[in-house]
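Nothing in this text is a laboratory measurement; each read-out follows from the coordinates by a stated rule. Just so it is clear, the structure is predicted and the values come from calculations on it, not from any experiment. Positions of Cβ are backbone-derived with ideal geometry, glycine not excepted, and every protein chain shown enters the neighbour counts.
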Amino acid sequence: MLLILFALWLLLSHHTIVVTSNGSVGFLKKTSWTFDGCVIGESSWANFSLHHPLLMSRILLGDGFWVIGGPG
């Protein structure tokens, strides 16, 4: 039950970002608790910046926690 609550909290309060070209996986805090954009998968950072320019600007300013890899 605790694991389910943690997963729900993570999905509602963070964007999970996966970029497959360099194997990056990270989390970026959301501004609102919704299921919108829970998991964002892109093939490259260029595609990510085209589709999500506001999130990319936050990442470049140092927001986010990277488990593997990162921008750049």
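Observations, loosely collected:
- In order through region 46-51: 3J(HN,Hα) via Karplus (6.51 cos²θ - 1.76 cosθ + 1.60), integer Hz, x for Gly, Pro: 4, 5, 4, 5, 6, 7
- With Cα atoms, 0 to 90° folded angle of helix 2-13 axis to the chain main axis: 50 degrees
- Distance (nanometres) between label positions extended 7 Å along Cα→Cβ at Ser57 and Leu12: 2.9 nm
- Helical runs (DSSP H, four residues minimum) scored at -39500 (n - 2.57) apiece and divided by the length of the chain put the mean residue ellipticity at 222 nm at -10500 deg cm²/dmol.
- Over the chain, Cα pairs under 8 Å with separation of 6+ residues give a relative contact order of 34 percent.
- Most simply put, the chain has about 70% antiparallel DSSP beta bridges, counting only bridges with both residues inside it.
- Compactness of the chain as Cα Rg over 2.2 N^0.38 Å, two decimals: 1.08
- Nearest-0.05 FRET efficiency for Ile40 and Leu2, computed from C-beta distance (R0 25 Å): 0.45
- Cα-projected label distance for Trp66 with Leu50, points at 7 Å along beta-carbon direction, nm: 2.2 nm
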